[in-house]
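Right, one structure below, let's go through it.
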Amino acid sequence: MQKLTIRFPYGLSNLEKVVNENLVFIDKTPFVSLLESTTSYAVFLRPRRIGKSLFVSALEYYYDVLRKAKFEKIFGNYYIGKNPTPLASAYRVLKFDFSGIDTTTNQSSFSGFITNIQNSLINFLRANALYSEMIETKLLAQQNTAELMNTFFSIYKGQSNDKIYLIIDEYDHFTNEILIRDLDEFKSSVSQNGYVRKFYEAVKIATQAGIVDRFFITGVSPITLDSVTSGFNIVTHLTNEYDFHDMMGFTEGEVQSLVEMILEDKSRLPQIMNDLRLHYNGYKFNPAKNYTIYNSDMVLFFLEKFKNTQQYPRLMLDPNIMPDYGKLKKMFEMANWEDNLEVLETILKENRIESSLIYQFNFEKGFRRTEFINFLYYLGNLTIAGVNEFDSPVFKIPNLVIGELYWEYYANVLQERAELYYEEDKVRPAIFSLARGNEKPFFELVERNLEILSNRDFQRFDEKYIKLLIISYAMQGNVFFIRSEREVAGNLGYVDIEFLIKPNNQKTHTQYVLEVKYLKKEEEHLLETTQAAAEKQLRNYLENDEILQNLTQLKAFTIVVVKSKVYMKGIL
């Protein structure tokens, strides 16, 4: 393909459209065969925008007897087309997609859910030539999810002997939104008599009756999974299985092959791959895996923007898919907000947090620290970094774009705590001044925040807390690429904070390296010796670290905070 004719399936979830328009497609169809040979009833969870819907579309076209005539055209060039399984084109495919339901109120959630089901059932009957107005009237009359599904399966069994392959995409999309808005309403909807629970109970009965032969359910979190699997022990939870790790998302090799398709100057490949790795990579769903995967939609967004101009997009994350700040705020306000905020501070301070891995949530036990950490993990805001010495999972922020979202939220928390609402509009101008080489406005904001907070939170202050405050402010404005605690080669230590030019910024500006120290009020007499120690440490980095030596327009400062007073000393 010529560069200008190469198109990527960014935002697309229909495999036939991808094939017909000759879009680039990373072949994930070997997993169709693996899935078929592994289980008949699968649940597979992944964060949003990582390729779930396109894989679901592949299953739909592969198994649907109505699409048999299109099989060769759609799958002929892919693995599964050259190696078809015995069940290819063998089912009537019934598909539900539970995204887009209005969850504003309890009533809108229920109405949206049952209407979604009714529309999907009627569309299925039309497509399979089983429709009649009488049947539609009967289905629309049902306002109980169990009765609706049981009525449908009864009608279908009376008209067809063909088995159903049931696909549910975004199974938990609307229930997650309910959870974030109202925990009690969520519990009610998925409880033993809740309308969500009754829907899945009807599906269970249909599998036992031989009507539904297979199902594939995908979503984001196992929050609602108890409703699916209660009393239904044939379901297989493949989310964290080693062999299915790469079924969605892109591997390093897959991303590099895509970049090489459109890259004119091949000498740029190492730097571009490093930048993509920082921004989009980092997801791991099984601790035994020795590599991580990329968010596929983020990569495709970048490639579409990059291919013609050969320049990075102004924003490395498409605003249309950027996780909603308001939703993150609501997530942290669920259950015990102070405990959740402590989780956030631990993540930002240590870039890691330990917890057990939950495969199924049980709200009878409450929604505590472990549940909250796992919720962040399943939503893609944390990922598995590895395990500790006791083989318990360690979680971390997966990449830079998710990290920036956390920092933005934390900066707003600090502003609210210090009741500095009127100064929010000063943050971005202060950052722009910082990039132009004027540090004073930025650190005046930091000091102002410290002055307010020190009277109520001084007992929490330490060096890491000061770093949190500085970084959370500097993350605003999409100006700096910020590194914290980077290890210097030769075991010389860790650079506290670096404010660098972002890879998507085509213009040069001032860059910074900071060495940060904190003293309590009663330790103020140690200020000069602490400054001297910080300066010695920083000069050691500047003289021996090749990365710092190659930076242009670099300014170096020691920052010593005494309770709430910021003492800055420039040494470069």
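Of the residues M316, M248, M334, only one is surrounded by 19 or more Cβ atoms within 10 Å (Cβ to Cβ) and more than 24 Å from D27 (Cα to Cα); which?
Details: M248 fails: more than 24 Å from D27 (Cα to Cα); M334 fails: surrounded by 19 or more Cβ atoms within 10 Å (Cβ to Cβ).
Only one candidate passes the filter, namely M316.
Could you look through segment 289-302, keep only residues that are surrounded by fewer than 21 Cβ atoms within 10 Å (Cβ to Cβ) and touching a residue at least 40 places away in the same chain (Cβ under 8 Å), and pick out the one that is farthest from N274 (Cα to Cα)? Even if it seems obvious, please write down each step before you answer.
Pass one, segment 289-302, residues surrounded by fewer than 21 Cβ atoms within 10 Å (Cβ to Cβ): 289-292.
If we keep only those that are touching a residue at least 40 places away in the same chain (Cβ under 8 Å) as well, we get 289, 291-292.
Working: K289: 20, Y291: 15, T292: 14 Å.
This residue is K289.
Only one residue in L121, L130, L59, L125 is closer than 27 Å to P9 by Cα and in the same structural domain as H173 (by TED's automatic domain parsing), so which one is that?
Exactly one of L121, L130, L59, L125 is closer than 27 Å to P9 by Cα and in the same structural domain as H173 (by TED's automatic domain parsing), namely L59.
Tell me, please, whether a residue that is part of a helix (DSSP H, G or I) and buried (at least 18 other Cβ atoms within 10 Å of the Cβ) can be found in segment 259-270.
Yes - at least one qualifying residue is present in segment 259-270.
Table: residues versus (1) surrounded by fewer than 21 Cβ atoms within 10 Å (Cβ to Cβ); (2) on the phi > 0 side of the Ramachandran plot; (3) in contact (Cβ under 8 Å) with a residue 12 or more places away in the chain; (4) in a loop (DSSP other than H, G, I, E, B).
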residue: I471; (1), (2), (3), (4): no, no, yes, no
residue: N478; (1), (2), (3), (4): yes, yes, yes, yes
residue: S484; (1), (2), (3), (4): yes, no, yes, no
residue: E487; (1), (2), (3), (4): yes, no, no, no
residue: N491; (1), (2), (3), (4): yes, yes, no, yes
residue: Y494; (1), (2), (3), (4): yes, no, no, no
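Look at segment 364-401 and say how many of its residues are under 12 Å from the mean Cα position of the chain (by Cα), in a helix (DSSP H, G or I) and not aromatic (F, W, Y).
3
Would you mind stating whether A534 is touching a residue at least 12 places away in the same chain (Cβ under 8 Å), surrounded by 21 or more Cβ atoms within 10 Å (Cβ to Cβ), more than 22 Å from Y406 (Cβ to Cβ) and of a type outside the set (F, W, Y)?
Numbers: touching a residue at least 12 places away in the same chain (Cβ under 8 Å): yes; surrounded by 21 or more Cβ atoms within 10 Å (Cβ to Cβ): yes; more than 22 Å from Y406 (Cβ to Cβ): yes; of a type outside the set (F, W, Y): yes.
Against the criterion (touching a residue at least 12 places away in the same chain (Cβ under 8 Å), surrounded by 21 or more Cβ atoms within 10 Å (Cβ to Cβ), more than 22 Å from Y406 (Cβ to Cβ) and of a type outside the set (F, W, Y)), A534 qualifies.
Is it the case, given these coordinates, that V190 is touching a His at 6+ places or on another chain (Cβ under 8 Å) and either polar (S, T, N, Q) or within 23 Å of S108 (Cα to Cα) (or both)? Working first, answer last.
On the way: touching a His at 6+ places or on another chain (Cβ under 8 Å): no; either polar (S, T, N, Q) or within 23 Å of S108 (Cα to Cα) (or both): yes.
Here the answer is no, as V190 does not meet what is asked.
Output yes when any residue across segment 155-166 is in contact (Cβ under 8 Å) with a residue 40 or more places away in the chain, in the same structural domain as F44 (by TED's automatic domain parsing), in a helix (DSSP H, G or I) and farther than 24 Å from F44 by Cβ, and no when none is.
Initial filter on segment 155-166 (in contact (Cβ under 8 Å) with a residue 40 or more places away in the chain): 156-157, 160, 162-166.
Those still in the list that are in the same structural domain as F44 (by TED's automatic domain parsing) too: 156-157, 160, 162-166.
When the remaining residues are screened for being in a helix (DSSP H, G or I), the result is 156-157.
After this cut, where a residue has to be farther than 24 Å from F44 by Cβ as well, the list is 156-157.
Checked against the condition, which is being in contact (Cβ under 8 Å) with a residue 40 or more places away in the chain, in the same structural domain as F44 (by TED's automatic domain parsing), in a helix (DSSP H, G or I) and farther than 24 Å from F44 by Cβ, segment 155-166 yields at least one hit.
Can you find, within segment 43-83, the residue that is surrounded by the most Cβ atoms within 10 Å (Cβ to Cβ) among those that are among the aromatic types (F, W, Y) and in a helix (DSSP H, G or I)? Write out each step before concluding.
Keep residues of segment 43-83 that are among the aromatic types (F, W, Y), which gives 44, 55, 61-63, 71, 75, 78-79.
Next, from what is left, pick out any that are in a helix (DSSP H, G or I): 55, 61-63, 71, 75, 79.
Working: F55: 24, Y61: 21, Y62: 28, Y63: 25, F71: 17, F75: 24, Y79: 15.
Selected residue: Y62.
Here is a check on your reading of the model: is Y63 of a type in the set (S, T, Y) and touching a strand residue (DSSP E or B) at 6+ places or on another chain (Cβ under 6 Å)? Show your work before the answer.
Working: of a type in the set (S, T, Y): yes; touching a strand residue (DSSP E or B) at 6+ places or on another chain (Cβ under 6 Å): yes.
Yes; evaluated as a whole, the condition is true for this residue.
Out of all the residues in segment 161-172, which are touching a strand residue (DSSP E or B) at 6+ places or on another chain (Cβ under 7 Å) and not β-branched (V, I, T)?
Quick first cut of segment 161-172, residues touching a strand residue (DSSP E or B) at 6+ places or on another chain (Cβ under 7 Å) only: 162-172.
Within segment 161-172, D162, K163, Y165, L166, D169, E170, Y171, D172 qualify.
Give me the pairs: first residue in segment 201-213 and part of a helix (DSSP H, G or I), second residue surrounded by 21 or more Cβ atoms within 10 Å (Cβ to Cβ), beta-carbon distance under 6 Å, and six or more apart or on different chains, which are they?
The qualifying pairs are A202/M149; A206/V212.
I'd like to know if segment 510-527 contains one or more residues that are part of a helix (DSSP H, G or I) and either closer than 17 Å to I482 by Cβ or of a type in the set (A, V, I, L, M) (or both).
Within segment 510-527, the subset part of a helix (DSSP H, G or I) is 521-527.
Add one more test, that the residue is either closer than 17 Å to I482 by Cβ or of a type in the set (A, V, I, L, M) (or both), and what stays is 526-527.
Yes, the conditions are met somewhere in segment 510-527.
Could you list, in sequence order, the residues of segment 356-401 that are within 30 Å of F302 (Cβ to Cβ), among the β-branched types (V, I, T) and modelled with pLDDT of 90 or more? Full working, then the answer.
So the first thing to find is which residues in segment 356-401 are within 30 Å of F302 (Cβ to Cβ), and the list is 373-386, 393-401.
Keeping just the survivors that are among the β-branched types (V, I, T) gives 373, 383-384, 394, 397, 401.
Correct list: I373, T383, I384, V394, I397.
Exactly one of (1) at pLDDT 95 or above; (2) not small (G, A, S); (3) not in a helix (DSSP H, G or I) is unmet by F31. Its number?
Result: F31 passes all but (3).
The values are calculated or read from the model by the stated rules, or taken from the named source; none is laboratory data. Keep in mind that what you see is a predicted model, and the values were worked out from it rather than measured. Note that we place each Cβ from the backbone using ideal geometry, even for glycine, and neighbour counts take in every protein chain shown.
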